[in-house]
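Following: one structure in C-alpha cells, then a few remarks.
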Amino acid sequence: MTKQSREDVHTSVACTRCGCVCDDLRVTVRDNLIHDFSPGCELAAPWFQSFGQLPLSAAAEIRSTPTNTEVAVQHTAELLTRARSPLFFGLSRSSTDGQRAVCELADELGATIDTTASLGHGPSIMAFQAAGECTSTLGEVRHRSDLVIYWGSDPVTSHPRHLERIVNAAGLAVPRGRSGRRLIVVDSARTATAETADQFIRIDRGKDFEVLWALRLLIQGKDLQEPLIGGVPVEVLKGLCEQMKASHYGALFFGVQLAEGATGHASVEALLRMGTELNAFTRFVVRRMRVPGDVTGADSVLCWQTGYPFSVSLSRGYPRYNPGEYSAESMLARGEADCLVLVGGERVSRFSAKAQQRLAEIPVILLDPAGVDWPFAVDVRFNTAVYGIHRRATAYRMDEVPIPLRQILKSDLPSDDEILRAVLRIVQKTPRR
Ligand code: SF4
C-alpha cells in the first residue's frame, strides 16, 4: 500500500525576508515541506527553500554537543545570572513576541539591548528624533502618488516586489499604475532600478548632504551660484525641485546607504526637512527602505517597551538611551559586555575586528533557526522555529504596519520567545548579588 502525500495550499501568507513583508503569497505545502510559492521573488525563493525544509537538528547544543532544551535553558540562565553586564543583540530575525521577551528578560537582568538597526538605519532614527518625519503607509503611496523617487536605494535587487506592489500597481487616484506615475532614481551609480526609471540623476558618492541642502535652498526659492553641486548640474536639480513641487503626491524612499558614514544622520535630517518643506506646495512623504525582515518591529517593540528604539541600557533599573555608549559594537569593542545573547546572528559579521575578538572571550548564546551557518564558537546554541513558517506571529512592515504571520509547517523546535521566557522563569527564581 503506498502512502498518499498530503498537500495544503495556504493563501495570504506573509514573507519576512525583506522589509516589504509582502502578505499576498500563495504557498503549497506537501508532506510538511514547502513545495512551491507564488508570485515569484528572487529573494524569497532561497529563504523559503532553506527554512521550508529544516534539517533534522537537536533543539539545542552546548559547546557543539547536542542536548535537550531544558538543559540548555538552565545553562543559559546560569551564564546570564553570573554576568555583570549582559548584552542582547539582533532581534530583526525575531518577531513581536520574541522582542517583548528580550525586553522582559533584559529588564530582569539589568542588561543592555541593541538591535541590528545600530549597524544600519540607526543614524536615520536619530535624524527622525531631531527633525520628525512626514510619513504614510505603503498603501497610501500606491493609491495616491504620481511621483516616486528612490534615493540611494535599488529595490529591484534589495526589495524585488516593491515596484510591483507600490509603483507599478494601479491605485485609486492612479488607475493607470506605472504609466500614471513618474519614477526618478537618485544614486551614485546606475542601478537596475535606474534602468526602469523615467529619470536617473547621478550624484558623486558621499555628496548627498550637499545635494540635499542645495535642493532645500531651491525649494525655498533661493538661487545657487555654483554650476555643479555633488556632481549634478544645478539645472538638473532645479528640474527635480520643480517636479517635486508640481506633483500631486510625492513619495521618496531612501536606502541605508544615505545613513552611512560619519555624517549619515545629517544627510537623513536634510532629506527629512526637505520632505517637510515640500508640504508647503504638495503632499510629500519620506520613507526608509528597511532590508532585514522585522527590524522595524524591533524598533517598534523596544519603543513601546522601553521608550527608545535601540541601544538601550537597563542596568540602573530604568531605560537609558545612548547610541555609541550602549551600542553592541562599542560595548564589545570596549570589553564592557561580559555575556552576549544573540537573538538572530545576522549582521554580527559587520562588527569591527575588535568587537568580534571579544566574542571569543565571553560566553555567547545564539538563538537562530536551524541550518543557519554561524562562523564563531558559541557556548549555547538554540535551533529555533521560524516565525511565519513554523509559528504564528506578527512582523512590522517597513511603514510600521504590523502584519500577521501564519504557521504553514509543523515543527517541534521552540521559538526564541519560548526559550527566552523559560530562561526568565529561572532567572526570576535565582538569588543574585
Ligand atoms: S519583496 Fe521581500 S517580502 Fe516581498 S516576497 Fe520578496 S523577499 Fe519577500
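The values are calculated or read from the model by the stated rules, or taken from the named source; none is laboratory data. Fair warning: this is a prediction, and the values are worked out from it, not measured in the lab. When we count neighbours, we look across all protein chains shown, and the Cβ atoms used for this are built from the backbone with ideal geometry, even at glycine. We work out accessible area using only protein heavy atoms, side chains counted, and drop any ligands, DNA or RNA first. Shrake-Rupley method; radii C 1.70, N 1.55, O 1.52, S 1.80 Å.
When only the Cβ of Lys, Arg, Asp and Glu is charged (+1, +1, -1, -1), the dipole of the stretch 122-288 relative to its Cα centre reaches about 540 debye. Close amide-amide hydrogen proximity is noted between T67 and A60, E61, I62, each under 5 Å apart and 5 or more residues distant or on a separate chain (H modeled in the peptide plane; Pro and chain starts excluded).
The residues of the chain expose on average 43 square angstrom of accessible surface per residue, using a 1.4 Å probe on protein heavy atoms.
For helix 416-429, report the angle its Cα long axis makes with the longest principal axis of the Cα atoms of the chain; keep it between 0 and 90° and round to the nearest 10°. Between helix and principal axis, roughly 50 degrees. Descending by average beta-carbon neighbour count within 10 Å, the peptides 211-221, 158-168, 283-293 line up as 283-293, 158-168, 211-221, the highest first.
With only the Cα atoms considered, the chain has a convex hull volume of 147 Å³ per residue.
Using the Stokes-Einstein relation with a Kirkwood hydrodynamic radius computed over Cα pairs, the translational diffusion coefficient of the stretch 294-349 at 20 °C and a viscosity of 1.002 mPa s comes to 176 µm²/s. Angle of helix 69-82 to the longest C-alpha principal axis of the chain, folded into 0 to 90 degrees and rounded to 10: 80°. With the convex hull drawn over the C-alpha atoms of the stretch 122-288, the volume per residue is 102 Å³. Placing +1 on the Cβ of every Lys and Arg and -1 on the Cβ of every Asp and Glu, with no other charges, gives the chain a dipole of roughly 400 debye about its Cα centre. Here the stretch 244-294 is assigned +1 on the Cβ of each Lys and Arg and -1 on the Cβ of each Asp and Glu. Its dipole about the Cα centre then comes out at about 200 debye. For the stretch 122-288, the residue among Q129, F284, G171 whose Cα projects farthest onto the positive side of the dipole built from Cβ charges is G171.
Between helix 122-131 and the chain there is an angle of about 50 degrees, using the helix long axis and the longest principal axis of the Cα atoms.
Note on the stretch 1-119: dipole from Cβ charges, positive end direction compared against F37, P66, T116; the farthest Cα belongs to P66.
By per-residue mean of other Cβ atoms within 10 Å, what is the highest-first order of 294-305, 379-390, 9-20?
379-390, 294-305, 9-20
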